[in-house]
Amino acid sequence: MTGVQTCALPICRLIDNDGLHGYQEMSGKMHLSKGLHRIKVRYFQGGGVQSLKVLWQGPGFQKEEFEVID
């Protein structure tokens with residue numbers, strides 16, 4: 001499933017994969033200006049194998065796992 005999101009507000013829901021189900025990859029697109037951006041991931045595990053991956057890609061680089069910076 002894919003989605004495209006552009007918004008002027010600082011808070012946007014890009015992907016909603018809520019519900020009880022097996023692992024599935026979801027994707028979305030958002031245009032970001034150059035610079036740092038805060039990303040929030042909310043995660044719910046209802047049972048089964050625990051799995052969460054956040055990946056991204058953009059101009060000049062292929063899909064890669066997101067690096068967390070505190």
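All of the numbers you see were taken from the coordinates with simple rules; none came from a lab. Since the model is a prediction, treat every value here as computed from it, not as a measurement. No Cβ is skipped: glycine too gets one built from the backbone with ideal geometry, and neighbour counts run over all protein chains shown.
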Out of region 39-53, which residues are under 14 Å from the mean Cα position of the chain (by Cα) and β-branched (Val, Ile, Thr)? 39, 41
So, in region 22-70, exactly how many residues are in contact with a strand residue (DSSP E or B) (Cβ under 9 Å, 6 or more places away or on another chain) and of a type in the set (Asp, Glu)? 3
